[in-house]
Amino acid sequence: MDKVRLGIIGIGAQGGAYAGFISDGKVANVEVGAICDIDPAQKKLCAEKYPHVPFYDNYIDMFESKEVDAVVTTVPHYLHPEMAIEALKRDVHVLVEKPAGVYTKQVKELNDFAASKPEVTYAIFFNQRTNPLYQKLKQLIDNGDIGNIRRTNWIITTWWRPQGYYDQSAWRATWSGEGGGVLVNQAPHQIDLLQWICGMPKKVYSNVKYGFQREIAVEDEVTTILDYGNGATGVFITCTHDLLGTDRLEILGDKGKIVVDDSKKMTVKRLNKPESEMSSSMSMQDVMKIFMGGNQSDIYTEEVLDFGSIWGEQHIAVLENFAANILEGTPLIAPGSDGIHGVALANAIHLSSWLEKEVELPIDEELFLSELNKRIEEEKNIPLKQ
């Protein structure tokens, strides 16, 4: 195999973007093998734009056509595990879009099945893991540049969505259609990065608003307190109603602090001595000298790193890494099995708000599913959006 023939399931915004990247020759070792969508209008558009690419309205037929070596699932969240399992059954490599699923129970089923097919590539589309800034940040944390983490704070409110966005389709921003709001639709990349870089919390306590500033059933405002179980804590804030938006991540360690602004600039402040050592050894006279105009270089060094970011490059990097794993065995940036961590954290945030109390991870999966199904049932009494 010289190139991976990729089947794209769902040729909407994301699927269309991937098809464009590949057709324009921007993705090494990948070609569009086939396209699948249930919308007749998309079939007509694809016939004009990709006349030589086979089109299917049934993904099973596409899997069994022998036209594709691998697929990417750009479809509603509930369908990701189901489609991925059917692909793996037929030895078709699979790149699952984020999130891996809506709830951990279904993602576990996918992970368990994928584990039984180790010869087939199973990856997840966490494109932010290819961002050089976050790769550098993870390296700094893993290497202990700022010591043991004491606190994390991430405010990521750059997801502004007007009411018209939600009114596009009856299934959008519903429990039955998407399985949630900002946590499962806009912020999964940040949720993944947070646990990938800083580790999974042991407990969460959340204040979540449903339909706070938009006429929707699911969440558009989230504030969560994270407890890492070792004294370290964190706060995660996200929403879809902040037109001005903020993207700021702070990680405080016992040897320094890292601040990331707008996912483009990283400021690393390294203490010359661990904070606890300074606390125990410095006299109040020393302290007064420092904080009344003294030389701050006596306390820490500062490094500022600027990273450019062009939309699309990170998506292309994931596609190329996926193909390289299939063709050459190159390690995956984001193995599919990693997808469960972000789903677990999002589930815990939802469950905490529904129960109005702190919850431990791993959560009670049956309880979560029961609470989710309650909300799906309640939606049946709400008139569909026109």
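Do the conditions hold for Asp145, that is, is it assigned by TED's automatic domain parsing to the domain that holds Ile258, touching a Leu at 6+ places or on another chain (Cβ under 9 Å) and either modelled with pLDDT of 95 or more or over 20 Å from Lys98 (Cα atoms) (or both)?
Values: assigned by TED's automatic domain parsing to the domain that holds Ile258: yes; touching a Leu at 6+ places or on another chain (Cβ under 9 Å): no; either modelled with pLDDT of 95 or more or over 20 Å from Lys98 (Cα atoms) (or both): yes.
No: the conditions fail for Asp145.
Out of Glu109, Glu97, Glu64, I need the residue that is under 26 Å from Glu366 (Cα atoms) and without any contact (Cβ under 8 Å) to a residue 60 or more places away in the chain. Which one? Show your work before the answer.
Working: Glu97 fails: without any contact (Cβ under 8 Å) to a residue 60 or more places away in the chain; Glu64 fails: under 26 Å from Glu366 (Cα atoms).
Selected residue: Glu109, the only one of Glu109, Glu97, Glu64 that is under 26 Å from Glu366 (Cα atoms) and without any contact (Cβ under 8 Å) to a residue 60 or more places away in the chain.
Filter region 101-158 down to residues that are aromatic (Phe, Trp, Tyr), under 22 Å from Pro188 (Cα atoms) and out of contact with any His (no Cβ under 7 Å at 6 or more places or on another chain) and give me whichever is surrounded by the most Cβ atoms within 10 Å (Cβ to Cβ).
Here is the first cut: in region 101-158, the ones aromatic (Phe, Trp, Tyr) are 103, 113, 122, 125-126, 134, 154.
Now drop any that are not under 22 Å from Pro188 (Cα atoms), which leaves 103, 122, 125-126, 134, 154.
If we keep only those that are out of contact with any His (no Cβ under 7 Å at 6 or more places or on another chain) too, we end up with 103, 122, 125, 134, 154.
On the way: Tyr103: 24, Tyr122: 25, Phe125: 27, Tyr134: 24, Trp154: 24.
By that ranking, first place goes to Phe125.
Within region 170-189, is even one residue acidic (Asp, Glu), over 30 Å from Lys255 (Cα atoms) and in contact with a helix residue (DSSP H, G or I) (Cβ under 9 Å, 6 or more places away or on another chain)? Checked region 170-189: at least one residue is acidic (Asp, Glu), over 30 Å from Lys255 (Cα atoms) and in contact with a helix residue (DSSP H, G or I) (Cβ under 9 Å, 6 or more places away or on another chain). Quick one: which helices (runs of 4 or more DSSP H) sit completely within region 275-366 and have at least 1 residues that are under 17 Å from the mean Cα position of the chain (by Cα) and either of a type outside the set (Lys, Arg) or modelled with pLDDT of 95 or more (or both)? It comes to 313-328, 339-355. Applying the criterion of at least 1 residues that are in contact (Cβ under 8 Å) with a residue 24 or more places away in the chain and among the small types (Gly, Ala, Ser) to the strands (runs of 3 or more DSSP E) found wholly in region 120-229 leaves 122-124, 203-210.
Surrounded by 12 or more Cβ atoms within 10 Å (Cβ to Cβ), of a type outside the set (Ser, Thr, Tyr), touching a residue at least 24 places away in the same chain (Cβ under 8 Å) and within 27 Å of Met266 (Cα to Cα): does that describe His341? Considered against the rule, which asks whether it is surrounded by 12 or more Cβ atoms within 10 Å (Cβ to Cβ), of a type outside the set (Ser, Thr, Tyr), touching a residue at least 24 places away in the same chain (Cβ under 8 Å) and within 27 Å of Met266 (Cα to Cα), His341 comes out as yes. Of the candidates Thr246, Thr233, Thr238, Thr223, the single residue that is over 19 Å from Val259 (Cβ atoms) and modelled with pLDDT of 95 or more is Thr223.
The values are calculated or read from the model by the stated rules, or taken from the named source; none is laboratory data. Being a predicted model, the structure only gives us computed values, none of them experimental. Don't worry about glycine lacking a Cβ; one is built from the backbone with ideal geometry, like all the others, and counts go over all protein chains shown.
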